[in-house]
1. Cβ contacts < 6 Å: first residue of a type in the set (D, E, K, R), restricted to region 60-71; second residue open to solvent by 20 Å² or more (accessible area, probe 1.4 Å) and outside any strand (DSSP E or B), any location; separation 6+ or different chain. Result?
2. Which number in (1) surrounded by 11 or more Cβ atoms within 10 Å (Cβ to Cβ); (2) farther than 21 Å from residue 205 by Cβ marks the one condition that residue 286 misses?
3. Please go through (1) part of a helix (DSSP H, G or I); (2) within 22 Å of residue 149 (Cβ to Cβ) for residue 20 and return the number of the only condition it doesn't satisfy.
4. Considering each of 295, 274, 291 in turn, give the residue that is closer than 30 Å to residue 112 by Cα, modelled with pLDDT of 95 or more and surrounded by fewer than 10 Cβ atoms within 10 Å (Cβ to Cβ).
5. Could you say whether any residue in region 164-185 is surrounded by fewer than 22 Cβ atoms within 10 Å (Cβ to Cβ), in contact with a helix residue (DSSP H, G or I) (Cβ under 6 Å, 6 or more places away or on another chain), under 30 Å from residue 98 (Cα atoms) and not polar (S, T, N, Q)?
6. What's the number of the only condition in (1) open to solvent by less than 70 Å² (accessible area, probe 1.4 Å); (2) under 26 Å from residue 301 (Cα atoms); (3) of a type outside the set (Ser, Thr, Tyr) that residue 262 fails to meet?
7. Please go through region 107-124 and pick out each residue that is touching a residue at least 40 places away in the same chain (Cβ under 8 Å), of a type outside the set (D, E, K, R) and open to solvent by less than 20 Å² (accessible area, probe 1.4 Å).
8. Filter region 183-230 down to residues that are in contact (Cβ under 8 Å) with a residue 24 or more places away in the chain and β-branched (Val, Ile, Thr) and give me whichever is farthest from ligand 4 (Cβ to nearest atom).
Amino acid sequence: MVQKYYESDADPRTLEGRTIAVIGYGSQGRGQALNLRDSGCRVVIGLRPGGSWQRASEDGFEVYPVADAVRRADVVQILLPDETQAAVYRTEISPHLKENACLMFSHGFNIHYGQIVPPPTVDVIMVAPKGPGHMVRRTYEEGKGVPALIAVHQDYTGNAHAIALAYARGIGATRAVVLETTFAEETETDLFGEQAVLCGGVTSLIKAGFETLVDAGYAPEMAYLEVLHEMKLIVDLIYEGGFTKMRDSISNTAQYGDLTRGPRVIGPETYAAMQEILEEIQNGEFAREWMLENMVNRPVFTALTKADEEHLIEQVGKEIRGFMPQFKK
Ligand SMILES: NC(=O)C1=CN([C@@H]2O[C@H](COP(=O)(O)OP(=O)(O)OC[C@H]3O[C@@H](n4cnc5c(N)ncnc54)[C@H](OP(=O)(O)O)[C@@H]3O)[C@@H](O)[C@H]2O)C=CC1
Ligand SMILES: CC[C@](O)(C(C)=O)C(=O)O
Ligand SMILES: [Mg+2]
Ligand SMILES: [Mg+2]
């Protein structure tokens with residue numbers, strides 16, 4: 001069984017007197033930095049001039065160029081985009097890391113695929129929330145937490161594990177649950193989850209359902225409500241109580257259709273594709289492809305993002321959400 005940790009397993013005193021530099025102030029950077037500060041930790045932010053710098057300053061943080069933040073820090077949490085971490089690490093982080101410092105990540109990509117090789121004189125750990133950064137902040141403010149994974153890659157000081165647990169507590173994760181893992185396991189399962197199920201799988205499933213209905217002559221608004229809007233309501237029930245709670249709530253007709261038709265949509269071909277996707281992650285093929293894509297200025301990323309932004313489902317969704325009070329800011 002995987003090792004699990006809760007609030008009482010983490011000692012917040014481990015971070016007392018230590019300065020945490022959060023490098024990057026995007027989705028995870030902002031969420032984690034605000035939670036840590038509200039938990040009583042001393043946090044500074046490392047950035048380049050621009051939008052995030054402005055936002056972090058407005059939120060009341062001391063903001064420094066990356067190298068200056070690293071020089072001040074005992075704990076350096078790298079929350080830059082995965083594809084830029086190695087270059088920034090080489091020029092602005094590595095030369096300024098103190099001996100005994102703790103280098104941190106929220107995703108194992110750069111360590112696991114050998115893009116960052118830290119010196120032996122630092123701790124290297126991961127605290128990876130299992131949810132988007134905005135939810136890390138929102139749930140903390142509600143007195144709850146998003147679960148997280150912790151892993152130790154290198155334990156120079158003998159304190160690496162205690163720092164990981166204290167940091168996880170600082171961002172609110174121990175209010176939910178913290179699981180022990182490795183950089184390899186986190187990286188491979190996280191990439192698989194986001195590609196095959198959570199992001200790639202779900203958007204492709206929604207698009208396929210929407211296009212099938214619209215191509216058959218049904219109104220795009222009907223199709224949107226059926227396969228996208230209602231998705232959240234159904235997933236919320238699964239989230240709260242598994243398939244059983246969701247099936248308790250839907251009609252018997254829906255449940256019979258679910259049990260007999262679902263496996264026709266997600267059949268042997270999907271299992272084979274998932275297997276292939278997992279192998280590309282495990283053998284490093286996906287990582288190489290993503291790094292090469294960045295070297296040539298992301299033509300595939302940009303074209304596919306634009307195509308989906310222009311998809312009919314996005315236009316219809318924008319219009320429908322505009323009339324619904326729950327989406328009004
Ligand atoms: N998004 C999420 O919810 C999750 C992310 N993670 C991991 O967390 C890490 C951060 O991801 P995420 O929060 O999505 O990142 P974002 O893209 O949301 O934010 C990146 C931040 O890095 C800054 N930045 C980018 N390039 C540089 C640079 N060259 N020098 C200084 N600052 C720079 C950006 O500032 P600027 O405004 O200047 O561009 C921005 O503040 C990744 O490892 C990711 O895999 C893990 C779990 C979930
Ligand atoms: C599901 C996407 C994610 O892995 C996450 C929010 O956990 C990410 O990389 O953003
Ligand atoms: Mg993830
Ligand atoms: Mg991810």
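The values are calculated or read from the model by the stated rules, or taken from the named source; none is laboratory data. Bear in mind that the values here come from a model prediction, so they are computed numbers and not experimental data. Don't worry about glycine lacking a Cβ; one is built from the backbone with ideal geometry, like all the others, and counts go over all protein chains shown. These accessible areas exclude ligands, DNA and RNA; they are computed on the full protein's heavy atoms, side chains included. Shrake-Rupley method; radii C 1.70, N 1.55, O 1.52, S 1.80 Å.
1. 71/96
2. (2)
3. With (1) part of a helix (DSSP H, G or I); (2) within 22 Å of residue 149 (Cβ to Cβ) applied to residue 20, the lone miss is (1).
4. 295
5. yes
6. Evaluating residue 262 over (1) open to solvent by less than 70 Å² (accessible area, probe 1.4 Å); (2) under 26 Å from residue 301 (Cα atoms); (3) of a type outside the set (Ser, Thr, Tyr) leaves (2) as the failure.
7. Result: 108, 109, 111.
8. By that ranking, first place goes to 214.
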